[in-house]
1. Please give the per residue accessible area of the range B:29-182, computed with a probe of 1.4 Å over protein heavy atoms only, in Å².
2. For the range B:29-182, what is the relative contact order in percent, using Cα pairs closer than 8 Å and at least 6 residues apart in sequence?
3. Taking the solvent-accessible surface of protein heavy atoms with a 1.4 Å probe, what is the per residue accessible area of chain A in Å²?
4. State, in square angstrom and to the nearest 100, the accessible area buried between chains A and B, both chains counted, probe radius 1.4 Å.
5. If I require 24 Å or longer along the helix axis, counting alpha carbons, and a Kyte-Doolittle average no lower than 1.0, what helices from chain A are left? Use full DSSP H segments.
6. If you average the C-alpha positions of the range A:159-185 and of the range A:341-364 separately, how far apart do those two centres end up, in angstrom?
7. Below 8 Å, C-alpha to C-alpha, sequence gap of six or more: please give me the relative contact order for the range A:23-85 in percent.
8. How far, in degrees from 0 to 90, does helix B:5-24 lean away from the longest principal axis of the Cα atoms of chain B, to the nearest 10?
Amino acid sequence: MFSLSNRFWVPLYLSVTLLIGWFTYVRDYDQPPYLFWDENYHIASAQKYLDGIFFQEPHPPLGKLLIALGEYLVQPNVGKDVTSFHSTDHIKTLPEKYSFKGMRLVPTVMAWLTGGLLFLALYFAIQNPHLAFAVGFFYNFDTALVLHSRSAMLEGSQLFFLIGSTALFLYLYQRARAVAWWHYLLFSLLVGAALAVKVNSTIIFLLFPVLAFVDLRARLGEFHHYPATALRTILPSVLISLVGMGAVFLSAWIIHFQLGTKVVQDRYYGASPAYKELLAKGETKSYKNLPLMLEDSYKYFANYQKGVPKLDVCKSGENGSYPVGWTVGIKSINYRWEKNKEGNVQYLYLQSNPIVWFSALGAVILGVVLVGSRLFFGLAVKDQRSFWLIVLLLITYLGYLTTMMQVDRVMYLYHYFIPLLFAFILFGLIFKQLFERELLEHNPWVYAGLVLLVGQVIAVFIFFSPFSYYNGLSTADFWRRAWISGWKLEPIL
Amino acid sequence: MRLSRGQIFFAAMCLSSILVINTVRPRQIAPNIKAVLTKQDGSIANIDTPRKASTTKNYLLDVVEFQNSNTLIHKTMGPLGFTNDFFIDFEAELEVLEAGMYTFNVASDDGFRLWVDDKQLAEWLGDRPVATTPGKIALDKGRHKLRLSYFQGYGNLGLKVTYNKEGSSSYRLGESSAQLEFIPYPR
């Protein structure tokens, strides 16, 4: 079986990964037909784009533009009165029989495709399609990722762009050849798009210098002997990257400004008098006014962040949590619940698949041990390229969490998705380090063990899936899922 | 015998898979006991305090066993969200397979009253720390009805009821045995 080439396995595994993801992510994505968590905000914003209403927002515009794109393409709510969305930033009631087929479409489809991109990223990183396929199950069968991605929220598109850029980076890193200008451009477009969805995507910047290093090394050999030459060589690539990132980031803002022209009920948000004048004169489509509108938007963003409360773990019903706790799934969030006719309670509960999250954490811990052993005890590492990739992913993972710890405002469990996906790749790399010879020799014990691990991931996903798909649970069944008190799962009694 | 790394990994995955399967396998709670939980609007001094319900909830339980704690935690259902001033009325129907003298031991904090076929077997009227009160009755073969009223006033709580036929082992109320079988709901 293993004698078949990767040209056979990679497309097959990619197809199967996408097929599985279709069932876990996309099927019935419009259910339940109720708003949950930040959908109340994002759908209100997306509808404003569709109807040309001016508004300002604490996030960059691309994520909501993509949400609006789905509604524009599918148009499932034609004839329904959604004008109430124009005069609020937080929808409380929906028109009768409102459909989520449009608003949830693009983030959900992008989240589904992210599964394919992650498989490719894993394959590029570890060069073993079987192991990459096995680790890919972590994404398709994580209860928290599935729930949060099947919604009109920002993380679905953000993770798509981030994992897309990571997959491209890993391809270029392992290829170890000179990086073409259009590779830089594509990479920077993906990074720019991720930034244009949410600003916490900035962690991906860490990959840029490594990409440049790989490029220079291929072009110049030991480039550090020639810093001036290196600088001259890399300068065009840096410029292309800046242009690419800037273009996609600015384009999102330009579309935002060009769409939002009508002011409803004097809702000017934080617009300055000069910006109000532009709105009154209908001059928001002019490029020369872009700096002013961008500055106003930045001021609104900064002011909004000041108003976001701090984490208060003593507060009753606090949904936020410390970044350190995220690594073990602390704390789960009850997005929505209702009692059904059978007397059970249906939940949309942001709850991790503990097998997946603990495997990811285990990879991080083993990664730190490996790097520590190399640094302090001179442990010999055969595969230097993979070793430095482990170092880079560890820096990215720990760097993200350290940055989040410095953030003053309340943060939530889903802010861990970015490092979690990096930890999945780390898991593949660490596994390869541990069982490199066995994997090459197609050791049946190792592959059978991997099959059992995948089986556990699926079994635990099914067990926790009522939280992702709004299926009813009795109180007893609910408590059977409260494995760790720190998750703070609270049933509705 | 020296195990290879691959074999150790496989063995670890086998063990963890057994653990996972045991944890996630579907479990049915035998619906042998009906329990009506009534939250009192006000305080409860003893088992005869007039009822003034603010909230009522119905449950089907496998056993009557609530751990000693400052909140109501059922052995299999987990925490039920009540702490002070509530009654629980339990009902069960049992099929006696072996006639004889049966003892029902009620360990409670606070008070209770127990009936079998409308005959009062035991009671503790007021509050108390966990203590056991037995009630005895001779039961013929065939169906019998059991009722138990329990109240929690203030502070810690706990309730566990067991039964045994003279000379036989003890079981939790709700657990069927060779001597006595509980008829599950719905009937």
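The values are calculated or read from the model by the stated rules, or taken from the named source; none is laboratory data. All values reported here derive from a predicted model rather than from experimental measurement. Here the Cβ positions follow ideal geometry from the backbone for every residue, glycine too, while neighbour counts run over all protein chains shown. With ligands, DNA and RNA removed, areas are computed over all heavy atoms of the protein, side chains included. Shrake-Rupley method; radii C 1.70, N 1.55, O 1.52, S 1.80 Å.
1. Values: 6780 Å² over 154 residues.
Ligands and nucleic acids excluded, the result is 44 Å² per residue.
2. So the answer I get is 30 percent.
3. Working: 20730 Å² over 493 residues.
Roughly 42 Å² per residue, with all protein chains present.
4. Details: alone 21720 and 10410 Å², together 30130 Å².
Summing both sides, the interface buries roughly 2000 Å².
5. Numbers: long enough: A:105-126 (32 Å, 1.94); A:155-175 (29 Å, 0.62); A:227-259 (46 Å, 1.46); A:290-307 (26 Å, -0.59); A:354-377 (32 Å, 1.98); A:384-406 (33 Å, 1.06); A:417-434 (25 Å, 2.16); A:444-464 (30 Å, 2.16).
Length and hydropathy pass: A:105-126, A:227-259, A:354-377, A:384-406, A:417-434, A:444-464.
6. If we compute the Cα centre of each part, the gap is 32 Å.
7. Details: 23 pairs, mean separation 22.9, N = 63.
Worked out over the range A:23-85, it gives 36 percent.
8. Result, in degrees: 20.
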